[in-house]
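The values are calculated or read from the model by the stated rules, or taken from the named source; none is laboratory data. Note that the structure is a prediction, hence the values are computed from the model and not measured. Cβ atoms come from the backbone with ideal geometry, glycine included; neighbour counts cover every protein chain shown. The area values use the complete protein model at the heavy-atom level, side chains included, leaving out ligands, DNA and RNA. Shrake-Rupley method; radii C 1.70, N 1.55, O 1.52, S 1.80 Å.
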Amino acid sequence: MKNNYLTGIDIGSTTAKVVIFDNARRMVFSKYCRHNTKIIETVHEIFKQAKDLIGEISFKVTVTGSAGMGVAEDFNIPFVQEVVASGDFIKNNYKDVRTYIEIGGEDSKVIFFDENLCPEIRMNGTCAGGTGAFIDQMAVLLNVPVADLNTLSENSTRIYPIASRCGVFAKTDI
C-alpha cells in the first residue's frame, strides 16, 4: 500500500473539493462538486471515486473551508482556516503572484502580497453580493446556465449600472 499521500478537503457552504498528491507531490486526483447540504455523503462519494481511480492508499489529510471545521472536529482531522491555507499555498508555489481572489459561496476574499510575500487579507463581511450564491441567483434571474455568464460578459456591448455594495439592491437592478 502506498503511504502518506497528501490530501486536502475544502468544504465550503455550497461545494466540496478534494485533491490528492502522491509522494512526489504530483496531483493524482481532484474533484470539485456541489454538496447540496449532504456534506458527509458527498465527501464519501468523492473518496470512493478516488479509490476507484488510484486504488488503496493511506494518506495524511487536512480540512479547510467554512463548513470544514465541524467535519474536522467530528472526525478528529487537522483543520486550517481557508484564507491561511490559500495564502500559504500561493506563497509556496506562486512567488510572482501579488493578488489572490477567491469567490466563495457566501463570501469573497482578496489577499494582496507585498514584495516580501507578506499577505494583507480583505474579506467582504457585510453582504453576499458578488459571491457564488449571488452569482447562482443572477444566472437563475437571467435564465442562463452559470457556465454561460462568462461568455455573456465577454460578448457584451453595453455596461449597465448595478449597485455594487449590496446584493439585494444589485438583484433589483438586474
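With the Cα gyration tensor of region 1-92 giving a ≥ b ≥ c as the square roots of its eigenvalues, does the rule (a/c under 1.5 for rounded; else a/b larger than b/c for prolate; else oblate) give rounded, prolate or oblate?
Oblate, because a/c is 1.5 or more while a/b does not exceed b/c.
What lysines does Lys17 reach when the alpha-carbon gap must be under 20 Å and sequence neighbours fewer than 8 apart in one chain are set aside?
Lys31, Lys38, Lys48, Lys51, Lys60, Lys109
Rounded to the nearest 0.05, what FRET efficiency is calculated for Val61 and Asp96 with R0 set to 35 Å and r the Cβ-Cβ distance?
0.75
Looking at the chain only, what percent of DSSP beta bridges run antiparallel? Nearest 5 please.
Bridges in the chain that DSSP calls antiparallel: roughly 75 percent.
Just in region 19-79: which GluC sites (Glu not before Pro) are loop by DSSP and have at most 13 other Cβ atoms within 10 Å?
In loop regions of region 19-79 (DSSP not H, G, I, E or B), the sparsely surrounded GluC sites (Glu not before Pro) are Glu56.
Determine, for each peptide in 133-139, 146-152, the mean count of other beta carbons within 10 angstrom over its residues, then list the peptides with the highest first.
Listed from highest to lowest mean packing, they are 133-139, 146-152.
Mean separation of Cα pairs under 8 Å and 6+ residues apart, divided by the residue count of region 3-106: what relative contact order is that in percent?
Across region 3-106, relative contact order equals 28 percent.
Would you work out what percent of the accessible area of the chain, with all protein chains in place, is carbon or sulfur (probe 1.4 Å)?
The value for the chain is 55 percent carbon and sulfur by accessible area.
Please identify the trypsin sites (Lys or Arg not before Pro) of region 22-75 that satisfy two criteria: DSSP loop assignment and at most 11 other Cβ atoms within 10 Å. Which are they?
Working: sites: Arg25, Arg26, Lys31, Arg34, Lys38, Lys48, Lys51, Lys60; in loops: Arg25, Arg26, Lys38.
Here the sparse-neighbourhood loop sites are Arg25, Arg26.
Looking at region 14-107, which chymotrypsin sites (Phe, Trp or Tyr not before Pro) are DSSP coil and have at most 14 other C-beta atoms within 10 Å of their C-beta?
Counting only loop positions with at most 14 other Cβ atoms within 10 Å, the chymotrypsin sites (Phe, Trp or Tyr not before Pro) in region 14-107 are Tyr94.
Largest first and to the nearest Å, give the Cα extent of the chain along each principal axis.
The Cα atoms of the chain stretch 57, 40, 32 Å along their principal axes.
Calculated FRET efficiency, Ile162 and His44, Cβ-Cβ r, R0 35 Å, to nearest 0.05?
E(calc), rounded to 0.05, equals 0.30.
Run down the aspartates and glutamates and flag those whose C-alpha is under 16 Å from the C-alpha of Lys91, throwing out any fewer than 8 positions away in its chain.
Counting by Cα, and skipping residues close in sequence, Lys91 has these aspartates and glutamates nearby: Glu82, Glu102, Asp114, Glu115, Glu120.
Please label the shape of region 77-153 as rounded, prolate or oblate, based on the square roots a ≥ b ≥ c of the eigenvalues of the alpha-carbon gyration tensor (a/c under 1.5 means rounded; beyond that, a/b larger than b/c means prolate, else oblate). Walk me through the intermediate numbers first.
Working: a/c = 2.39, a/b = 1.92, b/c = 1.25.
Cα axes put region 77-153 in the prolate bin.
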